[in-house]
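Engineer: This is the structure I have questions about; it appears just below.
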Amino acid sequence: MSGFSATLRREVLLASRSPADMVNPLFFFVVVVSLFPLAVPPTPGLLEAMAPGVVWVAALLAVMLSLDGLFRSDEEAGVLDQLLVAPVELYFTVLAKVLAHWLLTGLPLVLVAPLLGYMLQLPAEVLGSLLLGLLLGTPTLMFIGAIGAALTVGLRRGSMLLALLVLPLYIPVLVFGAGSLGRALEGLPVSPVMAVLGAMLAMAMSLGPFAVALGLRISSGD
Amino acid sequence: MSSDAVSRAGLPAHFFAVSLSAGLLALMTWFIWSAPPVARTVWLAGGWTFGVLFYYGALRYPHWYWQTLERWYHQLGSPPHFYRIAGLWLPWLVIIATVLCVVGVVWGLAFAPPHHEQGNSYRIIYLHVPASSAALMAYVAMGVAGLVALVWRLKMAEIAIKAIAPFGAIMAAVSLISGAIWGRPTWGTYWIWDARLTSMLILLFMYLGVIALQNAIRDPRQAGQAASLLSVVGVINVVIVRYSVDWWQSLHQGSSMSMFGTAGSAIHPSMLAPLLLCMFGTYFLFAVTVLVRARTEILWRERKSAWVREEVA
């Protein structure tokens, strides 16, 4: 487990040295969500009906774009090769790396979401389920997307390919995430949908690093 | 560095073995449990007979079993052998596929009775159902090949994935297009965001992802391994996608043919017979396409070796 805490510490330290990388996905999320009220006619109720889809698709794209650089800088600096030969379980190193990435870019995104929901004229009662849904959904997106990031790490123009690989894998999370908010808007109980989102998180978190580690070894030509 | 996929991913081997066998056991139990009583008896009896015979044979003649397994592994895993064996099988497979498809399509389009509600427009199922089934089956085959390629690093399994992906993508596209043409007169729309249609569309996207990843990586072994991992992840995803989109209201009619369901088959035998012919014909077409593509890929990959020079000259 020493690899876990060491990687976590290193990631947080690196992020504190270059905070811009941390802020960019958040900025992207806010800008994309604020584009929609400008593009859609301001009919009452229309924005509210679209809000679940808009917030979730924007969060999904922000997570995916932030993942493009998850392993790239490590690969360019040669750190990735060191991680691969290091005498610690790659599973836990990857787990720490993705968790740190979520803490630094995903969590701010989740925390700012209620504000954006308010801008999209969502009633205050559903902001809690928006927050909880994103809290369970964004780490799942991180772990799934990390598989794609690991497979495309050495490729030039890999970001387009990353989108092609990862977006179909994101669909279940999107369906249940936006679905939870939709149910909350109709006044239905959201706990069953949240349970499914939680189950997906448990599965992505336990099996995801396994696939990511394998993907990194494949990309490094092992 | 170890060549074993399990240790490559940083987990002990028994974790992998235990979870895989537990999953398979659970799946089989569920299948047998959900079957109607008659089918349950048949499945259980057949399974026990097969199992007892297999274990009796394995205990009695362990060397023969082991040698046969090893021979298959080496012969099918070695490109020159596979090339020759596939070349021997191909003419027969082509004949079977042609006969089944031609008979099935002519019977279905010209001789099967019209549907009492849909008239003649239902006849598109003789194209639509085999294509959908082949698209799903090809993805599962790709996942199995991917698992084999990851665990044993078999070169032939990587070649198989490369051979299967375009066929599956085309079948998914045929299924979507034929379904749209049928949907217009029957449902009144070409496209609707229904659970089954959406799953098939996502399946098409996932095929395209595998093809794109394969094309992006220059080294063929590395491309094969990456595509293997993506196909294995994709198989898990296909299952989850299926259940998550079922969560919506579904417009598509339920499956009319069932091997496990409680209702049995809801389609009349006079319509079912040509449909089954078309489906088996498509499966043989799948085998033909995959073998031809695999043979071409083998020739390309081994183009510098002596046996290919002899073969081509």
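The values are calculated or read from the model by the stated rules, or taken from the named source; none is laboratory data. Every value quoted in this text rests on a predicted model; they were computed, and no experiment measured them. Positions of Cβ are backbone-derived with ideal geometry, glycine not excepted, and every protein chain shown enters the neighbour counts.
Engineer: Residues in region B:180-198: is at least one at the interface with chain A (Cβ under 9 Å from one of its Cβ atoms) and touching a Pro at 6+ places or on another chain (Cβ under 6 Å)? Working first, answer last.
Structural biologist: First pass over region B:180-198, keeping only residues at the interface with chain A (Cβ under 9 Å from one of its Cβ atoms): B:198.
From what's left, touching a Pro at 6+ places or on another chain (Cβ under 6 Å): none.
For region B:180-198, residues at the interface with chain A (Cβ under 9 Å from one of its Cβ atoms) and touching a Pro at 6+ places or on another chain (Cβ under 6 Å): absent.
Engineer: Report the residue count in region A:170-219 for those that are within 16 Å of A:VAL126 (Cβ to Cβ) and of a type in the set (A, V, I, L, M, F, W, C).
Structural biologist: Total meeting the criteria: 10.
Engineer: Kindly list, by first and then second residue, each pair from a residue in region B:291-313 that is touching a residue at least 12 places away in the same chain (Cβ under 8 Å) and part of a helix (DSSP H, G or I) to a residue that is β-branched (Val, Ile, Thr) and surrounded by 11 or more Cβ atoms within 10 Å (Cβ to Cβ), limited to pairs with Cβ atoms under 7 Å and residues at least 6 apart or on different chains.
Structural biologist: Here the result reads B:ALA294/B:ILE159; B:GLU297/B:ILE159; B:ILE298/B:ILE159; B:LEU299/B:VAL308, each pair linking region B:291-313 to a residue that is β-branched (Val, Ile, Thr) and surrounded by 11 or more Cβ atoms within 10 Å (Cβ to Cβ).
Engineer: Could I ask something else about it? Let me confirm something: among A:GLY148, A:GLY179, which residue is at the interface with chain B (Cβ under 9 Å from one of its Cβ atoms), of a type in the set (Gly, Ala, Ser) and farther than 24 Å from A:LEU35 by Cβ?
Structural biologist: Details: A:GLY179 fails: farther than 24 Å from A:LEU35 by Cβ.
Exactly one of A:GLY148, A:GLY179 is at the interface with chain B (Cβ under 9 Å from one of its Cβ atoms), of a type in the set (Gly, Ala, Ser) and farther than 24 Å from A:LEU35 by Cβ, namely A:GLY148.
Engineer: Which numbered condition in (1) over 30 Å from A:TYR91 (Cα atoms); (2) at pLDDT 80 or above; (3) of a type outside the set (A, V, I, L, M) is the only one that B:GLY23 fails?
Structural biologist: All conditions are met except number (1).
Engineer: I'd like to check something: does region A:183-192 contain any residue that is within 11 Å of chain B (Cβ to nearest Cβ), aliphatic (A, V, I, L, M) and either closer than 29 Å to A:GLY215 by Cβ or buried (at least 23 other Cβ atoms within 10 Å of the Cβ) (or both)?
Structural biologist: Taking every residue of region A:183-192 in turn, none turns out to be within 11 Å of chain B (Cβ to nearest Cβ), aliphatic (A, V, I, L, M) and either closer than 29 Å to A:GLY215 by Cβ or buried (at least 23 other Cβ atoms within 10 Å of the Cβ) (or both).
Engineer: Quick one: is A:PRO123 without any contact (Cβ under 8 Å) to a residue 60 or more places away in the chain, over 29 Å from A:VAL79 (Cβ atoms) and surrounded by fewer than 23 Cβ atoms within 10 Å (Cβ to Cβ)?
Structural biologist: no
Engineer: Of the residues B:ILE85, B:ILE170, B:ILE96, which single one is over 30 Å from B:PHE205 (Cβ atoms), in a helix (DSSP H, G or I), assigned by TED's automatic domain parsing to the domain that holds B:VAL235 and without any contact (Cβ under 8 Å) to a residue 12 or more places away in the chain? Reasoning before the result, please.
Structural biologist: Details: B:ILE170 fails: over 30 Å from B:PHE205 (Cβ atoms); B:ILE96 fails: without any contact (Cβ under 8 Å) to a residue 12 or more places away in the chain.
Answer to the selection: B:ILE85.
Engineer: Please give the number of the condition A:SER159 fails out of (1) free of Cβ contacts under 8 Å to residues at least 40 places away in the same chain; (2) part of a helix (DSSP H, G or I); (3) more than 10 Å from chain B (Cβ to nearest Cβ); (4) not charged (D, E, K, R).
Structural biologist: If we test A:SER159 against (1) free of Cβ contacts under 8 Å to residues at least 40 places away in the same chain; (2) part of a helix (DSSP H, G or I); (3) more than 10 Å from chain B (Cβ to nearest Cβ); (4) not charged (D, E, K, R), just (1) comes out false.
Engineer: Of everything in region B:203-216, what is crowded, with 22+ Cβ neighbours inside 10 Å and at the interface with chain A (Cβ under 8 Å from one of its Cβ atoms)? Give them in sequence order. It would help to see each step written out before you state the result.
Structural biologist: So the first thing to find is which residues in region B:203-216 are crowded, with 22+ Cβ neighbours inside 10 Å, and the list is B:203, B:206-207, B:209-210, B:213.
The answer is B:MET206, B:GLY209, B:LEU213.
Engineer: Which members of region B:173-201 meet the condition of being without any contact (Cβ under 8 Å) to a residue 40 or more places away in the chain and under 22 Å from B:LEU229 (Cα atoms)?
Structural biologist: Filtering region B:173-201 for residues without any contact (Cβ under 8 Å) to a residue 40 or more places away in the chain gives B:173, B:176-177, B:180, B:183-184, B:188-191, B:201.
Within region B:173-201, B:LEU201 is the sole residue that qualifies.
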